[in-house]
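Below is one structure, written out as structure tokens; the observations come after it.
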Amino acid sequence: MTHVEHLEADGPYSKNRNMAATAPKYLSIWNMEAYYGESYIVQGISFDIHEGEILALLGRNGAGKTSTLRAIARMDDPQLNSGEIWLDHKPLHEMKSWQASQAGIQLVPEDRSIIPGLTVEENLKLAQIAPPIGWSLDRVYDLFPRLKERRKQDGITLSGGEQQMLSIARALCRDIKVLLLDEPYEGLAPVIVQEIAKTLELIRDQGITTVIVEQNAVAALKLADRAVILDIGKVVFDGSAKEVLEDEDLRSKYLAI
Ligand SMILES: Nc1ncnc2c1ncn2[C@@H]1O[C@H](COP(=O)(O)OP(=O)(O)O)[C@@H](O)[C@H]1O
Ligand SMILES: [Mg+2]
């Protein structure tokens, strides 16, 4: 294989990935503070993500990971009190959740939120009911052949792994730029975790930026390019995923692994 063929086989987004360190920041979170009522939970969080990167957002139970994802997606709870969130030069901090979704932020919550009484395909079509629409059903089924096989089945009768796939697939059906995943591997067997990780790599190769929150930190770190660790609502580490995998002190202090 010649050098040029090798590059083409890699695909255009793989080349972008290698440039990520010098590319402009795509999602930029600056001094974000958020509250549940009087409870000060997200305590001035800042980090950046480059386009097409996978970032693992880690930390112990209660560190503020879910709250951080919800604040970025501009959910009503927790309430964003100060700070800025920029997605591709658009001010998410000035938006409501539906506007953030239209801007390309798609949150896949921990409970997966499959709609009962609807088939797999109906769950997907519901995500495409209003513009801007993202991936076509064919494109989604190419990525998730198992969902195609089960497209007529009631979504809530799927296995845990398949429900997680449906939840991710539904996010892709929206016009997606950034995928926010809250504990996608929870309760899944290692072989299914590996299958989902492979799919997330393919999604990255299509140019989508991902933030993955996981208790299974090792699996998330193996997948991710970079890692941010939270502790008590603050960033305590921001660096490469490899650095965290190799730093035993850091892992035992903040991740208990
Ligand atoms: N709806 C809520 N109302 C009040 N406090 C909350 C709410 N949700 C989470 N918290 C508190 O915010 C902190 C961070 O929670 P969370 O973001 O869910 O952490 P993580 O996802 O890292 O486990 C915890 O102390 C939790 O008790
Ligand atoms: Mg959580």
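Scan segment 46-72 for residues that are assigned to a strand (DSSP E or B), away from ligand 1 (no atom under 11 Å from the Cβ) and in contact with a helix residue (DSSP H, G or I) (Cβ under 7 Å, 6 or more places away or on another chain) and jot them down. Scanning segment 46-72 gives ILE54, ALA56. One residue stands out in segment 204-222 among those that are hydrophobic (A, V, I, L, M, F, W, C) and surrounded by 22 or more Cβ atoms within 10 Å (Cβ to Cβ): the one that is farthest from ligand 1 (Cβ to nearest atom), namely ILE208.
Each residue in segment 178-198 was checked for being crowded, with 16+ Cβ neighbours inside 10 Å, more than 14 Å from ligand 2 (Cβ to nearest atom) and either outside any helix (DSSP H, G or I) or among the β-branched types (Val, Ile, Thr) (or both), and 6 pass. Just one residue in the set ILE115, ILE156 is outside any loop (DSSP other than H, G, I, E, B), touching a residue at least 24 places away in the same chain (Cβ under 8 Å) and surrounded by fewer than 16 Cβ atoms within 10 Å (Cβ to Cβ); that residue is ILE156. Screening SER97, SER101 for residues that are within 16 Å of ligand 1 (Cβ to nearest atom), of a type outside the set (Asp, Glu) and either in contact with a Lys or Arg (Cβ under 8 Å, 6 or more places away or on another chain) or touching a residue at least 12 places away in the same chain (Cβ under 8 Å) (or both) leaves exactly one candidate, SER97. For segment 215-257, the set of residues classified as within 21 Å of LEU200 (Cβ to Cβ), in contact (Cβ under 8 Å) with a residue 60 or more places away in the chain and among the basic types (Lys, Arg) consists of ARG226 only.
Throughout, read-outs are computed from the coordinates displayed, never taken from laboratory work. Computed from a predicted structure; not experimentally measured. Cβ: placed from backbone, ideal geometry, glycine included. Neighbour counts: every protein chain shown.
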